[in-house]
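Input: a single structure, listed below in C-alpha cells.
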Amino acid sequence: MHDQSRRRFIQSASALTGAGLLGVSARAASITTRLSRPPTGPVVIASANGLAAVTKAHELLIGGADPAVAVVEGVGLVEADPNDMSVGLGGLPNEDCIVELDASVMHGPTHKAGAVAALRDTVHAAQVALKVLQTTDHVMLVGEGARAFARQNGFPHQDLLTPRAREAWLRWKQQLNNGDDWLDVDQRDWDLDTNKAIPRTTGTIHCSAVAASGDLGSCTTTSGLSYKIPGRVGDSPIIGAGMFCDNTAGAAGATGRGEAVIQSCGAHAMVTLMGQGMSPNDACQAVARTIAERSKLQRRLIDERGRPRFDVKLYALSKAGEFGAASIWSGGRFAVADEAGPRIEAAAYLYERD
Ligand code: GLY
C-alpha cells in the first residue's frame with residue numbers, strides 16, 4: 001500500500017472507532033489488502049461452541065444452500081443442545097428464573113435482517129429471526145410479540161429451563177447477598193455440596209458463512225447474560241453490534257459482554273474495517289482494542305492495571321473467505337470449516353491471563 005493511501009486508511013479507521021483511541025490500535029495492526037478473488041469454496045466460522053454448527057453449515061453450503069439459511073440451521077444444533085448453557089434449550093435464565101433468548105440473522109445478497117429479543121418458550125430463536133427476515137417488513141420483534149409470532153409460525157412453545165440451569169440459578173440466588181434470608185452455601189450446616197461451580201455467562205453462538213459465490217450470511221443467538229434483569233437485551237439481536245453482514249465486504253459477530261459490544265457497534269465496525277481493506281484478524285484486534293480503551297471510561301469495568309474485567313470475543317469473515325478472531329483476554333478459540341475441514345483454532349488476544 002502506498003504511504004498516502006496507508007495514511008488515508010489509518011485516518012478513516014481512527015474516525016470510525018473514535019479519534020485518538022483507535023489511532024494506536026490501527027497503527028499496531030498490520031494492514032493488508034483485501035483480496036478481490038472469491039473463496040475457492042464455502043467458508044464458515046463460529047464461536048468455539050460452534051464446531052457442530054460450522055460442520056453442518058459447510059455441508060449445506062456445499063449442497064447449494066443459502067448462506068443465511070445455512071448458518072441458522074448450523075446454530076440450531078447448539079440451540080437444541082440442553083448441555084450448552086449459553087443458548088436456546090438449557091440456557092441460563094434471568095433474575096426471575098425465566099429463560100429469555102436473543103437472536104439475529106442477516107442475508108448478504110438482499111441486506112435484509114431479522115431479529116428477536118427477550119423471546120420466551122421457543123428453542124430456535126435464530127429460526128424465528130429468519131422468519132422475521134423472510135416474511136415481514138420489520139427487522140426486530142421483542143418479548144410477547146416475538147413469542148406470539150413464533151407460535152403463529154408453528155414454533156412449539158416449550159419450557160427452556162432445564163434442571164441443571166434451574167439449579168445454577170438457585171445457587172446464584174442463594175449466594176446473592178449474605179444479608180438476606182437465603183442461607184449461603186458456607187452458612188449451611190447440611191447439604192454442603194460446595195464444590196459445584198455457579199456458572200455466570202455471556203456465552204453465545206455466532207456463525208458467519210461465505211458461499212463459493214461470495215454471498216454472505218451471518219447469525220448470532222444466545223440466552224444472554226445469565227441472571228440478567230428481565231427484559232435486558234444484549235448485543236446478539238442488535239444489527240451492527242453482535243452481528244453484521246455486508247455482501248460487498250464481509251460478515252462479523254461477537255460473544256461476551258454485550259453491553260461493551262453495543263457501545264462500540266462491534267460487528268459493524270469490523271465489517272467496515274474489512275471493507276476498507278483490513279484483514280479479518282486485524283479488524284477483530286482493532287475492535288477489541290477500541291472496546292478495551294473505552295472500558296477505561298467506566299472505572300468499575302477495569303482492574304488496577306487499566307485492563308477490562310470482562311471479556312469480549314470477536315469473529316470476522318471476509319467476502320474472499322479470509323477469517324480471524326480476537327478476544328480481550330488470552331485463551332479464546334473459534335471454530336472454522338473450509339476445504340481443510342472443520343476445526344478449532346486459537347484467537348488473537350490483547351492481554352495474557354495471569
Ligand atoms: N453477548 C451476549 C450478551 O451479552 O447477551
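Observations, loosely collected:
- Between residue 175 and residue 62, the simple label model (points 7 Å from Cα in the Cβ direction) yields a spacing of 4.4 nm.
- Simple Cβ-charge dipole of the stretch 206-348, Lys/Arg +1 and Asp/Glu -1, about Cα centre, in debye nearest 20: 760 debye
- Antiparallel bridges, percent of DSSP beta bridges restricted to the stretch 72-156 (to nearest 5): 65 percent
- Between the amide H of residue 347 and those of 332, 333, 334, distances stay under 5 Å, these residues lying 5 or more places away or on another chain, with hydrogens modeled in the peptide plane.
- Added length on full extension, which subtracts the Cα-Cα distance from 0.36 nm per residue, residue 134 to residue 213: 26.3 nm
- Cα-Cα over 25 Å, subset of 56/319; 56/228; 112/296: 56/228; 112/296
- Tensor-based shape of the stretch 241-293 (alpha-carbon gyration tensor, a/c under 1.5 rounded, otherwise prolate or oblate): oblate
- Area projected by the alpha carbon convex hull of the stretch 242-354, averaged over all directions, nm²: 6.9 nm²
- Additional length obtainable on full extension of the chain from residue 183 to residue 302, 0.36 nm per residue less Cα span: 39.8 nm
- With 0.36 nm allotted per residue and the present C-alpha distance subtracted, the residue 151-residue 346 stretch has 66.3 nm of extension available.
- For the stretch 214-260, the alpha carbon positions stretch 40, 17, 15 Å along the principal axes, listed from largest to smallest.
- Under the Debye formula (equal points on every Cα, no solvent term), log10 I(q)/I(0) of the stretch 214-308 at q = 0.20, 0.22 Å⁻¹: -0.96, -1.08
Only the coordinates and a few stated rules stand behind these numbers; no lab work does. Since the structure is predicted, the reported quantities are computational estimates derived from the model, not experimental observations. Using ideal geometry, Cβ is built from the backbone for each residue, glycine included, and neighbour counts are taken over all protein chains shown.
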